[in-house]
Structures are given as structure tokens and as C-alpha cells.
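Following: one structure in C-alpha cells, then a few remarks.
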Amino acid sequence: MTETEAPVSYEVSGGVATITLSRPDVLNSFDVLTKVAFRDFLHAAAADDAVRCVVLTGSGRSFSAGQDLKEHVAQMREGGQLSSTVEEHYNPMVLAITSMPKPVIAAVNGIAAGAGASIAFAADFRILAESAGYNLAFAGIALSADTGASWTLQRLVGLPKATELLLLPRTVRSDEALQLGLATQVVPDDAFAETVRELAARLASGPTLAYASLKRALAFSASHTLQESVANEARLMALTGASDDHKAAVDAFLAKEKPTFVGH
Ligand code: T3D
């Protein structure tokens, strides 16, 4: 990569926004420029009604190796303390992904380590290329976890496994990731791009408001009582019940036709 190349690219096509980390020489690790661009593209995708599905991926052989450790060390030497990057960059990233009012696919093309793994865990779907894997690298460099991994990982694999993976980091290959629940699907490397494209296209032509409401319902219910959750479900059912997509879908059902969803 030359200095002038953008570290992250953003492309919208057919209702799908694809955010690609583009620093393959350093395994798409996050320096400040990359973090700012990635965070800002997430916010742009969230705000754009024309975007109905978001794909996160990396270029080259890695999804992302997390924090750029060369920049990190340089900053430590300058300031002698950890920067504010967790609050300024990593926290907004994970909150933008988990609150995204449309489905998010982590297209994990290669190794995802540290904050790179955390980003994949925050997505709604994790499609892994066979050659991909995860490494919860934080303890390896004597750091705690960030970018939501302490919250997401235990929900995906359970507390004992999350503890093991965080305290004893190692590379979890794609077959084990699938067994553990860290992959929605594992596909051969040569079928990876097409599999991601098909899923993204399917989600981008789906009932976006219903997807957003389902995501909100799940997030709410994860930390509320049954009584509170059913009250919230009632609110979200009223919202989706009044949508154009719901009307179109029931009309299509009665007419024995396939519905066309507009997303609201
Ligand atoms: O304040 C704060 O900053 C806190 C924030 C923390 C967030 C975090 O994400 S902490 C975790 C940071 N990430 C890591 O500790 C992972 C470090 N990388 C690795 O452990 C390994 O690279 C991998 C397991 C990911 C892959 O291993 P492998 O053998 O396939 O590749 P490699 O040979 O180690 O790396 C290839 C190149 O990428 C190499 O450069 P070179 O020698 O060819 O010039 C390597 O230095 C570079 N690279 C890999 N990871 C990083 C990196 N350069 C900068 N930062 C990296 N994270």
C-alpha cells in the first residue's frame, strides 16, 4: 500500500454497502486513519436508507489483525500511556454495528485477531472462508478485551469457552469456529465471494424495517425481564404491522405470489 491509498473503501451497490479494510501488508490492522474511516463509514451506512445490508470485509489474506501494534508502540513511546482510542474509535464502531438498523454481515476472508475478531462477533452473520480463523490476541500483548468482545463472545460461545479463548489465546480455525458458534457458515475459499454476495443480496431485498425491529427486540430482551420484553415486542409488532412491507407481504401471501419488499 502507498501512503496515498485509502485504508478503507466504501461501496454501495444494489442496496448493499461494502466496507473493505485495505491495508493487506499489515493484515488490515487499525491505525488511526483506518479506525476513523471505518467508524465513519459505519455511521454513513446506518444513516443511508438506500443501504439495506452492510458487508464488512478485508483485502488480502486477513480480515483484520486488530490494533496496529506498530502505531500503538510509537504512541506509547511518545505519551507513555494508552491513548483514548477505545472510547474514540473502538466503542463507536461496535455500537454502530450492533445498533445498525439493517443486517450486517462479517465476511471473514482470513484471520480476524484482537479488535478484528471483536468486530466480526458484533455482526449479525459471520461467513468464514475455510482458510479464515479467529485469534483473541489481547492477553498475548497483556491487554484486556475491547470492541465489545467481553459482551459478544460469551453470548456466542458461553462463559467458560469465552474465558478460555480470552485467557489462553490461540488461532481458532474455521471448522472449530463453526462448531463453537463463531461462524454462521464456513465456505470453501473459492465459493466465499459468491456466498457473501448471495446472502447480502437476499438481505438487501428483504423487509428491512422488520429486520431492524427483530434486532432491536433481541438486543432489548437480552437485558430485560420477560414482562418488559413482551411489552417491547408489542411495540415493535405495532410498528412493523403498520409497514408497507407487511401489507405487501400479506397481500402477496393471499395472492400466492412472492412479495417485493421496499424496506419500510
Ligand atoms: O489502546 C489500544 O490500542 C488498545 C486497543 C487494542 C485493540 C486490539 O486489537 S489489541 C490486539 C492487537 N492484535 C494482535 O495482537 C495480533 C497481532 N498479530 C498476530 O498475532 C499475527 O499476526 C496473526 C495471528 C494475526 C497472524 O499471524 P501470521 O503468522 O499469519 O502473520 P504474521 O507474519 O504475524 O504477520 C504478517 C505481517 O503483518 C507482519 O509484518 P512483516 O513482518 O511481514 O513486515 C506483521 O508484523 C504484520 N502484523 C500482523 N498483525 C499486526 C501487524 N502489524 C501491525 N499490527 C498488527 N496487529
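The values are calculated or read from the model by the stated rules, or taken from the named source; none is laboratory data. Keep in mind it's a predicted model, so treat the numbers as computed, not measured. Cβ atoms come from the backbone with ideal geometry, glycine included; neighbour counts cover every protein chain shown. For the accessible areas, the whole protein counts, side chains as well, though only heavy atoms, and no ligand, DNA or RNA atoms are used. Shrake-Rupley method; radii C 1.70, N 1.55, O 1.52, S 1.80 Å.
Does residue 97 satisfy being within 16 Å of the ligand (Cβ to nearest atom), under 25 Å from residue 211 (Cα atoms) and in the same structural domain as residue 32 (by TED's automatic domain parsing)?
The answer is yes for residue 97.
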Residues of the stretch 65-90 being more than 8 Å from the ligand (Cβ to nearest atom) and surrounded by 19 or more Cβ atoms within 10 Å (Cβ to Cβ), in sequence order, are 89
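For (1) assigned to a loop (DSSP other than H, G, I, E, B); (2) crowded, with 24+ Cβ neighbours inside 10 Å; (3) of a type outside the set (Asp, Glu), each residue gets a yes or a no:
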| site | (1), (2), (3) |
| --- | --- |
| 92 | no, no, yes |
| 102 | yes, yes, yes |
| 121 | no, yes, yes |
| 126 | no, yes, yes |
| 140 | no, no, yes |
| 146 | yes, no, no |
| 156 | no, no, yes |
| 161 | no, no, yes |
Checking 48, 31 in turn, the sole residue that is of a type outside the set (A, V, I, L, M, F, W, C) and within 19 Å of residue 148 (Cα to Cα) turns out to be 31
Exercise for review: Kindly establish whether residue 193 is outside any loop (DSSP other than H, G, I, E, B) and open to solvent by 50 Å² or more (accessible area, probe 1.4 Å).
Suggested key: yes
Taking the stretch 27-56 and keeping residues assigned to a strand (DSSP E or B) and either more than 16 Å from the ligand (Cβ to nearest atom) or hydroxyl-bearing (Ser, Thr, Tyr) (or both) leaves 53, 54, 55
Residue 133: passes all of (1) over 17 Å from the mean Cα position of the chain (by Cα); (2) buried (at least 24 other Cβ atoms within 10 Å of the Cβ); (3) under 24 Å from residue 195 (Cα atoms) but (1)
### Message
Taking the conditions exactly as written (free of Cβ contacts under 8 Å to residues at least 60 places away in the same chain, open to solvent by less than 10 Å² (accessible area, probe 1.4 Å), in a strand (DSSP E or B) and not aromatic (Phe, Trp, Tyr)), does residue 117 satisfy them or not?
### Response
no
Within the stretch 203-259, restricting to residues that are among the β-branched types (Val, Ile, Thr) and assigned to a helix (DSSP H, G or I), the one that is nearest to residue 123 (Cα to Cα) is 208
Counted residues in the stretch 100-113 being over 19 Å from residue 263 (Cβ atoms) and either of a type in the set (A, V, I, L, M) or within 10 Å of the ligand (Cβ to nearest atom) (or both) come to 7
Restricting attention to the stretch 1-26, the residues that are within 16 Å of the ligand (Cβ to nearest atom), aliphatic (A, V, I, L, M) and within 24 Å of residue 194 (Cβ to Cβ) number exactly 2
When restricted to 238, 242, 219, 234, the only residue of a type outside the set (Asp, Glu) and surrounded by 12 or more Cβ atoms within 10 Å (Cβ to Cβ) is 219
Checking the structure you have, find out if any residue of the stretch 114-136 is within 15 Å of the ligand (Cβ to nearest atom), out of contact with any helix residue (DSSP H, G or I) (no Cβ under 7 Å at 6 or more places or on another chain) and over 28 Å from residue 191 (Cβ atoms). no
Note on residue 167: of the conditions (1) more than 30 Å from residue 15 (Cα to Cα); (2) open to solvent by less than 50 Å² (accessible area, probe 1.4 Å), unmet is (2)
Can you spot a residue in the stretch 206-215 that is in contact (Cβ under 8 Å) with a residue 24 or more places away in the chain and open to solvent by 60 Å² or more (accessible area, probe 1.4 Å)? no
